[in-house]
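Asker: First the structure, which I've put down as structure tokens, then a few questions once you've had a look.
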């Protein structure tokens, strides 16, 4: 079997950031998958499930409600390794181009107050596993890196 692109990136050299994971042709359009890496792989504790779950709910709600990006949002969800999220958008987009949107989304998460969207028994298969305080803490930490990213936070290591 062919090794998928994300497994070909040397995770021992990776930093936190916003990375283009892949670009795929889908008919006449391009889909760009972003690796929103919130934790340094294999060197930093991963996110706990309740915080990850809350970020997923808030991030998906933010993107699918965004005035400009809602119609271009294909997917937002967590990585199985719990070190970040994948976001897929319609279009041929660079990390630098998407960075303002990702900052806006994580500011929304860091400052969110109130009931977590979709966190009821009728809306979610595991609605009780949420932690808004930890989600906000994780969002604030990520914002420290992505608000003024360096090249190492926007381009995968070689």
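The values are calculated or read from the model by the stated rules, or taken from the named source; none is laboratory data. These numbers come from a predicted model, not from an experiment. All Cβ positions, glycine included, derive from the backbone under ideal geometry; neighbour counts span all protein chains shown.
Asker: When you go through (1) under 18 Å from the mean Cα position of the chain (by Cα); (2) farther than 11 Å from residue 54 by Cα; (3) at pLDDT 95 or above one by one for residue 109, which number turns out not to apply?
Answerer: (2)
Asker: Shifting gears a bit: Name the single residue, out of those in the range 35-57 being touching a helix residue (DSSP H, G or I) at 6+ places or on another chain (Cβ under 9 Å) and closer than 16 Å to residue 146 by Cβ, that is surrounded by the most Cβ atoms within 10 Å (Cβ to Cβ).
Answerer: Here the answer is 55.
Asker: Is it the case that the range 13-34 has a residue that's surrounded by fewer than 16 Cβ atoms within 10 Å (Cβ to Cβ), closer than 24 Å to residue 148 by Cβ and at pLDDT below 95?
Answerer: Taking the range 13-34 and keeping what is surrounded by fewer than 16 Cβ atoms within 10 Å (Cβ to Cβ), we get 13, 22-30.
Filter once more, keeping what is closer than 24 Å to residue 148 by Cβ: 13.
If we keep only those that are at pLDDT below 95 too, we end up with 13.
There is at least one residue in the range 13-34 that is surrounded by fewer than 16 Cβ atoms within 10 Å (Cβ to Cβ), closer than 24 Å to residue 148 by Cβ and at pLDDT below 95.
Asker: Does residue 152 meet the test of being touching a helix residue (DSSP H, G or I) at 6+ places or on another chain (Cβ under 9 Å) and either more than 20 Å from residue 34 (Cα to Cα) or in a helix (DSSP H, G or I) (or both)? Can you show your working first?
Answerer: On the way: touching a helix residue (DSSP H, G or I) at 6+ places or on another chain (Cβ under 9 Å): no; either more than 20 Å from residue 34 (Cα to Cα) or in a helix (DSSP H, G or I) (or both): yes.
Judged against the criteria, residue 152 is not a match.
Asker: Here's a follow-up. Kindly indicate whether any position in the range 48-61 is farther than 28 Å from residue 112 by Cβ and outside any strand (DSSP E or B). Outline the logic, then answer.
Answerer: First, pick out the residues of the range 48-61 that are farther than 28 Å from residue 112 by Cβ: none.
No; the residues of the range 48-61 include none that is farther than 28 Å from residue 112 by Cβ and outside any strand (DSSP E or B).
Asker: So, in the range 81-104, of the ones that are over 11 Å from the mean Cα position of the chain (by Cα) and in a loop (DSSP other than H, G, I, E, B), which residue ends up surrounded by the most Cβ atoms within 10 Å (Cβ to Cβ)?
Answerer: 93
Asker: Within the range 105-127, how many residues are in contact (Cβ under 8 Å) with a residue 40 or more places away in the chain and surrounded by 13 or more Cβ atoms within 10 Å (Cβ to Cβ)? Explain how you work it out, then say what you get.
Answerer: Initial filter on the range 105-127 (in contact (Cβ under 8 Å) with a residue 40 or more places away in the chain): 105-106, 108-109, 112, 116-119, 124, 126.
With surrounded by 13 or more Cβ atoms within 10 Å (Cβ to Cβ) added as a condition, the list becomes 105-106, 108-109, 112, 116-119, 124.
Residues that pass the stated criteria total 10.
Asker: Since residue 136 meets every condition but one in (1) in contact (Cβ under 8 Å) with a residue 24 or more places away in the chain; (2) surrounded by fewer than 19 Cβ atoms within 10 Å (Cβ to Cβ), which condition does it not meet?
Answerer: Status for residue 136: all satisfied but (2).
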